[in-house]
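Below you'll find the structure, written out as structure tokens, and then a few comments.
Quick note: the coordinates plus some simple rules give every number you see, no bench work behind them. These figures come from a predicted structure and were not determined experimentally. We place every Cβ from the backbone using ideal geometry, glycine too, and count neighbours over all the protein chains shown.
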Amino acid sequence: MAASLAAAAVFASCATPPPRAAGKTTPTYSTLKLGELETLFKSDASLSLEEIAGILDGDQTLRPPEGPSDAELRALASRAMAAVESEYEAAIEAKDYPKAISRLDSLEALSQESKLSALLSPKAASEAGAWLDLRCSFLVQEAEQFFAKGQSTPALLTYLDALERGRAGTPSFKAEELSVWATRALEAKDRRSTAILCRELASRSIALPPAAQAFLESKDSMESMRSGVITIRVDKGIKIEQGLGTPDRVLGTGFYIDKAGFALTNYHVIESEVDPKYKGYSHLSASPSSAPEERLGAKVIGYDRLLDLALIKVDVTPDYVFSFAESKGPPPGQKITVIGSPAGLEDTVTAGIVSAVGRRILQCGNAMQIDAALNPGNSGGPVLDEDGRVVGIAFAGMLQFPGLNFAITASWAVKVIPELFQGGELHRAWLGLAIAEKESGPVEAGLGVTYRHPSFTAGIEEGDRILSVGDDRPKDIAAAQALLLGREPGSLVQVSLSSEGRERTALRYLGDRPFSPLESAARLDRKDKLFPALYGMALTPMPSALFESSNYSVAKVWPGSIADESGLSENDPISLKRFVVDQEQGAVIIQIYVKKRKAGFLESIIQLPASLETPDLI
């Protein structure tokens, strides 16, 4: 009896809640949610606006009854929009034009958001209305900054970017300004910029700079062009293998793109100079083709890991500076020439043709396939057309397949060179989405979304189709990646979507893209959700008693994907036996038990590798 009473007393003491402190109440969902948004607003006003817009545009029936009211959300949104406007004005005051453009893009996107546009101040609304004019104006001012530093190449590329954007709208470029820039291009011996600006002047019946026509009709000799190519050496000290020490050297090629001594090469050539994970010795130097024994001092200025590009500064005034071709890329069959230092044999010239274009072997952009001989040491060398203009940057050759070599298309390099001159690693804006270009059966307009990275908020999901990003309507993944190159991480953009035949828009925050997004996704997300991005197949989990299922049915297979090439098809039952992320190799390896319908439900265990560095992300 005593034991029963004691047990009852213990039970009663556990079941009875402690008395509340005077004056304290349980926080409501509204208070908690507003607190979260307030914290988000203090860390990133633009990101909080994406969240608020998503709540306001969402299904009202799904919002908790005690959730924040529309009035509370709009009050916080008004403060966040004022913060974005303040950042915009501060960037203009500081003459930080890339940031000013980023915040201007956000104001323009907010002006298109139906439930938030009325909260813009009259001044911000006016700036958003003049978005294209102001964007072009900021680009021109950024170009002037580059030119004042003696960096003519990024100055001309930035000015031409403004000119190209202006042609699509109403911004006017004064004749005097165009003439000044045409003269600067001529003085820099930049054939691409001179040709574009002279055509612009001619279209307005304005006299061309003296000697411009003769310069454009002339052609540089191979001897002159060879003098603009350098051999790049990275000394990494002594490598110890099996108790023996051998010199550890990296050889590559570079070519001058600016008369101030700036040269372009591959990132993988100079990786040890900037990789924080590398802790050993690393020393960069450059040798001119005319004096291979010389070791000129050099340093890395900027680099882009996704496009495998790097900009270095050499302590010399080059005798020759290369110009880029105007076209987006040469067609298959066009003759090309490559200059480089294969195996350290500097000043080597090889020739061939463009074998194919549009090869998607990089995480971003397109590459061209060429049959000109490439060997270790050629990396970073210029690929030239018959006029001696750069159409590509050599970056990869396959020794086991002679004649199968690749180069980065120069039109992609041109887009990022100004940012490389800003210094450091190039930061890429992205939407956190995996895209599939090919679909089976009838295909709707737009790009199909197959996966959303878990670090991005809901709002765009698998099955949605992207119709436009801002004012642009990308036709393929490469086009979407190209237009995002003109956007800064941390800015806002309006994305038009189609979901089950219904069109809608979403305000989205552009994140700072990591080098390997799927590596982090593999740590954060369920394994089966990664399959569309990695293997090109969607899975439906089978009923499971505990947590995450290991048994699935194939719901969809995208044409041309790893799953498709492996013979998998819809409704195939599979069981996931192994899922390994190999960070060193940059790959995911799975083992699955499968009954393939196409093989008469023959049971088998297959192993499938997939690269974490997929080119299907935007």
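Overview of results
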{"quantity": "Candidates per trypsin sites (Lys or Arg not before Pro) in segment 193-225, loop by DSSP, up to 13 other Cβ within 10 Å", "calculated": "R204, K219"}
{"quantity": "Helix 45-57 vs. the chain, principal-axis angle (Cα, 0 to 90°, nearest 10)", "calculated": "50"}
{"quantity": "Loop sites in segment 144-191: trypsin sites (Lys or Arg not before Pro), DSSP, at most 13 other Cβ within 10 Å", "calculated": "K149, K174"}
{"quantity": "For segment 219-426: rounded, prolate or oblate by the Cα gyration tensor [a/c cutoff 1.5]", "calculated": "rounded"}
{"quantity": "Pairwise FRET efficiency - E519 versus Q422, Cβ, R0 = 30 Å, nearest 0.05", "calculated": "0.70"}
{"quantity": "Net +/- balance of residues flanking K277 in space, Cβ distance below 13 Å, scoring K and R +1, D and E -1", "calculated": "-2"}
{"quantity": "Efficiency of FRET between R578 and Q141 - r from beta-carbon atoms, R0 51 angstrom, step 0.05", "calculated": "0.35"}
{"quantity": "In nm, spacing of pseudo-spin labels at T540 and A207 (7 Å Cα→C-beta vector)", "calculated": "7.6"}
{"quantity": "Separation in nanometres of the label points that stand 7 Å from Cα toward Cβ, at S569 and S78", "calculated": "6.1"}
{"quantity": "Relative contact order, percent, segment 219-426 [alpha-carbon distance under 8 Å, six or more residues apart]", "calculated": "22"}
{"quantity": "Anchor K335: aspartates and glutamates whose Cα lies under 14 Å away (excluding residues fewer than 8 positions away in-chain)", "calculated": "D371, D385, E386, D387"}
{"quantity": "Low-density loop cleavage sites - trypsin sites (Lys or Arg not before Pro) in segment 242-318, where at most 10 other Cβ are within 10 Å (DSSP)", "calculated": "K277, K279"}
{"quantity": "All lysines inside 28 Å of K123 as judged from Cα atoms, apart from same-chain residues fewer than 8 positions distant", "calculated": "K42, K95, K99, K115, K174"}
{"quantity": "Relative contact order, percent, segment 134-218 [alpha-carbon distance under 8 Å, six or more residues apart]", "calculated": "23"}
{"quantity": "Inter-site label distance for S290 and E89 at 7 Å from Cα along Cβ, in nm", "calculated": "5.5"}
{"quantity": "Formal net charge of residues neighbouring V314 (Cβ-Cβ distance under 14 Å; K, R +1; D, E -1)", "calculated": "0"}
{"quantity": "Helix-only [θ]222 nm of the chain, DSSP H runs n ≥ 4, -39500 (n - 2.57) each, per residue, nearest 500", "calculated": "-10500 deg cm²/dmol"}
{"quantity": "Among (1) 240; (2) 249; (3) 178, the entry derived from the coordinates for volume of the Cα convex hull per residue in Å³", "calculated": "(2)"}
{"quantity": "The chain: relative contact order as a whole-number percent, Cα under 8 Å and 6+ apart", "calculated": "9"}
